[in-house]
1. Answer yes or no as to whether GLY45 is surrounded by 14 or more Cβ atoms within 10 Å (Cβ to Cβ) and modelled with pLDDT under 95.
2. Among the residues of the stretch 97-120, which ones are closer than 22 Å to GLY64 by Cβ and either polar (S, T, N, Q) or at pLDDT below 95 (or both)?
3. Which of the residues that make up the stretch 115-128 are surrounded by fewer than 16 Cβ atoms within 10 Å (Cβ to Cβ) and more than 10 Å from the ligand (Cβ to nearest atom)?
4. Out of the stretch 76-101, which residues are more than 12 Å from LYS52 (Cα to Cα), surrounded by fewer than 17 Cβ atoms within 10 Å (Cβ to Cβ) and small (Gly, Ala, Ser)?
5. Between residues in the stretch 96-118 that are among the charged types (D, E, K, R) and residues that are exposed (fewer than 15 other Cβ atoms within 10 Å of the Cβ), which pairs lie under 7 Å by C-beta distance while being six or more apart or on different chains?
6. Among all residue pairs at least 6 apart or on different chains, which show Cβ distances below 6 Å where the first residue, located in the stretch 55-72, is closer than 9 Å to VAL134 by Cα and the second is of a type in the set (Ser, Thr, Tyr)?
7. Which one is farthest from LEU84 (Cα to Cα), of the residues in the stretch 102-113 that are under 14 Å from the mean Cα position of the chain (by Cα) and not hydroxyl-bearing (Ser, Thr, Tyr)?
8. Taking the stretch 77-114 on its own, how many of its residues are part of a strand (DSSP E or B) and within 14 Å of the ligand (Cβ to nearest atom)?
Amino acid sequence: MFRQHGRSIGRRAARALAAGLVLPALSLLASACGTGKAPAGRPAGAVEIQLKEFAIEPKVVSAGAGEITLTARNVGSTEHNLVLEQGDRSVAEIPVVGVGKAESVQVKLGPGTYALVCTLPGHRDAGMVATLTVQ
Ligand SMILES: [Cu+2]
């Protein structure tokens, strides 16, 4: 009786030990999957523009229709933003691009002509506007 009781505790302990060994292995696998998700390289539909006082360059960019990663790099000396407009509708935006920083936004676009604009007061009128053509 006593011996059997002892053995069942031993078995439970063995099971707990096994679980203790399996769990760290699983979490290791999970974290490996997490890093594996990062895209290897720039996607096909990538558009990169530069922001400065007071221009968006290049002035005209084009991309294929579909999922597009829009990246704005601020090479100027004050903060800017980037809004993608179609007509008077805002399609996507990067609220702030700090000096020396690059920020990205992903957006799915159909064929058409879009405007890339910095909407900070006065910046559009000063020249911070460019055209994105999607085909
Ligand atoms: Cu600006």
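1. Taking the combined requirement at face value, the residue satisfies it.
2. SER104, GLN106, THR113, listed by residue number.
3. Result: ASP125, single match.
4. Once the filter is applied, which keeps residues that are more than 12 Å from LYS52 (Cα to Cα), surrounded by fewer than 17 Cβ atoms within 10 Å (Cβ to Cβ) and small (Gly, Ala, Ser), the stretch 76-101 yields GLY87, SER90.
5. LYS108/GLY66; LYS108/GLU67
6. SER62/THR133
7. Within the stretch 102-113, the match that is farthest from LEU84 (Cα to Cα) is ALA102.
8. The qualifying residues number 10.
The values are calculated or read from the model by the stated rules, or taken from the named source; none is laboratory data. In this text, all values refer to a predicted model and were calculated from it rather than measured experimentally. FYI the Cβ positions are ideal-geometry reconstructions off the backbone, even for glycines, and counts take in every protein chain you see.
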